[in-house]
Amino acid sequence: NAGVTQTPKFQVLKTGQSMTLQCAQDMNHNSMYWYRQDPGMGLRLIYYSASEGTTDKGEVPNGYNVSRLNKREFSLRLESAAPSQTSVYFCASSEQSHGETQYFGPGTRLLVL
Amino acid sequence: GENVEQHPSTLSVQEGDSAVIKCTYSDSASNYFPWYKQELGKRPQLIIDIRSNVGEKKDQRIAVTLNKTAKHFSLHITETQPEDSAVYFCAARVGYSTLTFGKGTMLLVSP
């Protein structure tokens, strides 16, 4: 089992460009999450999907959109990237929405110039 | 919403010493408190967790204590080793909602 995988590992964007971060899990988990990690700020929830077909905003959703493509895949889209979105993005999954163990992907490091 | 504060932000200890990281939470309805460890350049991984009906939980050299009255919980690492060096995050969950994370503690264990 690969667990949670993310692509790409690293990306450089110019301000205003768009991109989609991909996440997939092979653990048959119902719930998936997108976090951003900034120095000194911990892990902040952007969006989550409690189950296939549902998505909800987290703490910092502005500037992002998500799609739960199927049970395995959950993508994060930046429509018009801004320097403030420079961060490390982690996808995670858990068996249930209140499922206690979240399994994280390896992260995507994004630099917006 | 829930607010989780974590202290200290950096902690340096000598190998073999104990390390304690403390977190406070704001919502008395919080019922689940996990701790994640993140090694440099790696993903966060769950190392131990505790539920609100338990006061203490141990797993080898690590333990977590919970004081519901004071709304704080702590991670205790005994006999620290260089491989314990990492960033540790606490988190709290209210009911069946999502996790709220603290800002992290960088633990440095010197040989």
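Once the range B:14-41 is narrowed to residues that are without any contact (Cβ under 8 Å) to a residue 60 or more places away in the chain and of a type in the set (Val, Ile, Thr), the residue that is surrounded by the most Cβ atoms within 10 Å (Cβ to Cβ) is B:Thr24.
Taken over the range A:80-113, the criterion of being within 29 Å of B:Ser30 (Cβ to Cβ), outside any loop (DSSP other than H, G, I, E, B), within 13 Å of chain B (Cβ to nearest Cβ) and touching a Lys or Arg at 6+ places or on another chain (Cβ under 8 Å) is satisfied by A:Val88, A:Tyr89, A:Phe90, A:Phe104. Could you list, in sequence order, all residues of the range A:48-79 that are within 14 Å of another protein chain (Cβ to nearest Cβ) and in contact with a Gly (Cβ under 7 Å, 6 or more places away or on another chain)? If the condition is that a residue be within 14 Å of another protein chain (Cβ to nearest Cβ) and in contact with a Gly (Cβ under 7 Å, 6 or more places away or on another chain), then A:Tyr48 is the only one that fits. Among the residues of the range B:18-38, are any over 30 Å from A:Asp56 (Cα atoms) and out of contact with any His (no Cβ under 9 Å at 6 or more places or on another chain)? No - not one qualifying residue is present in the range B:18-38. Where residues in the range B:73-104 are of a type in the set (S, T, N, Q) and at the interface with another protein chain (Cβ under 10 Å from one of its Cβ atoms), which of them is surrounded by the fewest Cβ atoms within 10 Å (Cβ to Cβ)? Within the range B:73-104, the match that is surrounded by the fewest Cβ atoms within 10 Å (Cβ to Cβ) is B:Ser97.
Rule-based calculations on the coordinates, nothing more; no lab input. Worth saying up front: this structure is predicted, and the values here are computed from it rather than measured. Cβ: placed from backbone, ideal geometry, glycine included. Neighbour counts: every protein chain shown.
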